[in-house]
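One structure is given here, and the rest of the page talks about it.
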Amino acid sequence: LLSCISIAGANVFIVLSTLMGIFRFYFKKDDLTFKNYEGFLKVIIFFLLTMFLSAIFNGEIKIGLNRFFEAYVYRMFPIILVILFIKDIIKIKKLFILLISSLTITNIFAVYQFLFFDNIRANAFAASLMSLAGFLSIMIPGMFILVLKSDDIKEKTIFSIVFSLSLIALVANATRGAWIASLISIILATIFYFDNIKIILKYLLVIIAIILITVANNDEVKTRINSITDFSYQSNSERVLLWKSSYNMFKDKPIFGIGLGQFTAKYQSEYILPEAKERKLGHAHNNFMQMLGETGLIGFLGFCTMFSYFMFSVFRFWKKDGEVVSLIILSGTVGLLIQGLTEFNFGNSAVMKLYWFFMGLTLQYYFIKKKLDKEENAL
């Protein structure tokens, strides 16, 4: 429930949940297993290994190891806890309802900021605008798919309201990368969900109409959209300079990068380009360039391997049995990665803890439902 509302509160309950998991295992002797997750576990371990190597082989080992455990081990606790301890599909649905409720509360506050405060980009409860942008990039395509899937009128109405609030919050947040991510992931979800080209075109025309109406009635939105391809716009030009600096880091340290957790210090002291105007930036504003510069070829390979496996696997699940939850996982991951082309959302604590929790719930739902369907067919 606190996932999108309070990073401190969410941290408290992640720690408590972890301690309770250890306590339960000690006294209950649960049969802890990662059955069905062998492939996912292998690529995650491979990714973590690449981060660990970058942490210990370049300079400040203490800084690197601290970053390794805080950013890449601890933030994965939600998916591990769900996989190990949530075995009931009803519990997964309840947890997912709480997650959607968290998003909805956040969206309502973002809309409130948008309506009653002038000249402000809504961030809701988050310390950073990019946190809300990350939440929405992950969750919006899933909400859209749930609207399409729901046959029950009450469910469809609820999901439609949540989806609509999310779109308004997305506009209020005014993060262009999240706009592009949500648009592309919704279009992909539409194409994959429907086989009929006429239905696909109908939905795409509706999406285009919504965009045109929004732009026509809001000059600020129009200005933000026009700025996307304007490389004289400072936000864009600074990102390009950051990416050049990241590539320079990679050229200097191609195998392990400049060292995990050392981007900020190295960028500001050694790699910032003379023409950069924003001289206190702390990350590359791009997941791929951040990995390339900070962790080198090995970290970049670990990152790309992990997410490629995620997307390939769930797409294969979708093609194999048409279970909608696999499409929700795919579109949410696409949303995260596309927004991550202009923002280091993989380094955002709140966003990634939500993503791993989202992954745990949806994957566990898929495998439990698959097992139940198999047992029902056997009967």
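The values are calculated or read from the model by the stated rules, or taken from the named source; none is laboratory data. This is a predicted model, so every value here is computed, not measured. Quick reminder, even Gly has a Cβ in these numbers, built from the backbone with ideal geometry, and neighbours come from all protein chains shown. Just so you know, the surface numbers come from the protein's heavy atoms only, side chains and all, with ligands and any DNA or RNA stripped out. Shrake-Rupley method; radii C 1.70, N 1.55, O 1.52, S 1.80 Å.
All but one of (1) of a type outside the set (Ser, Thr, Tyr); (2) open to solvent by less than 10 Å² (accessible area, probe 1.4 Å); (3) over 30 Å from residue 231 (Cα atoms) hold for residue 287, so report the exception by its number.
(3)
Output the residues belonging to region 113-134 that are under 20 Å from residue 357 (Cα atoms) and in contact with a Leu (Cβ under 6 Å, 6 or more places away or on another chain).
Once the filter is applied, which keeps residues that are under 20 Å from residue 357 (Cα atoms) and in contact with a Leu (Cβ under 6 Å, 6 or more places away or on another chain), region 113-134 yields only 126.
Kindly list the number of the only condition in (1) at pLDDT 95 or above; (2) more than 24 Å from residue 101 (Cβ to Cβ) that fails for residue 139.
Only one criterion in (1) at pLDDT 95 or above; (2) more than 24 Å from residue 101 (Cβ to Cβ) is unmet by residue 139, namely (2).
Kindly indicate whether residue 189 is open to solvent by less than 40 Å² (accessible area, probe 1.4 Å), in a helix (DSSP H, G or I), out of contact with any strand residue (DSSP E or B) (no Cβ under 9 Å at 6 or more places or on another chain) and at pLDDT 95 or above.
Judged against the criteria, residue 189 is not a match.
Could you grab me the full set of residues in region 149-167 that are in contact with a helix residue (DSSP H, G or I) (Cβ under 6 Å, 6 or more places away or on another chain) and surrounded by 18 or more Cβ atoms within 10 Å (Cβ to Cβ)?
Within region 149-167, 159, 162, 163, 165, 166 qualify.
Just wondering, is there one or more residues in region 292-306 that are surrounded by fewer than 22 Cβ atoms within 10 Å (Cβ to Cβ) and among the polar types (S, T, N, Q)?
Looking through region 292-306, at least one residue is surrounded by fewer than 22 Cβ atoms within 10 Å (Cβ to Cβ) and among the polar types (S, T, N, Q).
Given the criteria in a helix (DSSP H, G or I), open to solvent by less than 40 Å² (accessible area, probe 1.4 Å) and touching a helix residue (DSSP H, G or I) at 6+ places or on another chain (Cβ under 8 Å), does residue 335 qualify?
Yes: the conditions hold for residue 335.
Which of the residues spanning region 247-277 are open to solvent by 70 Å² or more (accessible area, probe 1.4 Å) and within 16 Å of residue 53 (Cα to Cα)?
253, 255
Let me confirm something: among 139, 130, which residue is closer than 18 Å to residue 365 by Cβ and open to solvent by less than 40 Å² (accessible area, probe 1.4 Å)?
139
Restricting to region 18-38, name every residue that is surrounded by fewer than 13 Cβ atoms within 10 Å (Cβ to Cβ) and part of a helix (DSSP H, G or I).
Of everything in region 18-38, those that are surrounded by fewer than 13 Cβ atoms within 10 Å (Cβ to Cβ) and part of a helix (DSSP H, G or I) turn out to be 19, 22, 23, 26, 27, 28, 38.
Here is a list of conditions, (1) farther than 18 Å from residue 55 by Cα; (2) in a helix (DSSP H, G or I); (3) open to solvent by 40 Å² or more (accessible area, probe 1.4 Å), and residue 341 meets all of them except one; can you say which number that is?
Going through (1) farther than 18 Å from residue 55 by Cα; (2) in a helix (DSSP H, G or I); (3) open to solvent by 40 Å² or more (accessible area, probe 1.4 Å) one by one, residue 341 breaks only (2).
Can you say whether residue 183 is part of a helix (DSSP H, G or I) and open to solvent by less than 30 Å² (accessible area, probe 1.4 Å), as far as the supplied structure shows?
no
Checking residue 245 against (1) more than 26 Å from residue 332 (Cα to Cα); (2) at pLDDT below 90, which single condition isn't satisfied?
Unmet condition: (2).
Could you please let me know if residue 115 is at pLDDT 95 or above and among the aliphatic types (A, V, I, L, M)?
no
Quick one: which of 211, 207 is outside any loop (DSSP other than H, G, I, E, B), open to solvent by 40 Å² or more (accessible area, probe 1.4 Å) and out of contact with any Phe, Trp or Tyr (no Cβ under 6 Å at 6 or more places or on another chain)?
Answer to the check: 211.
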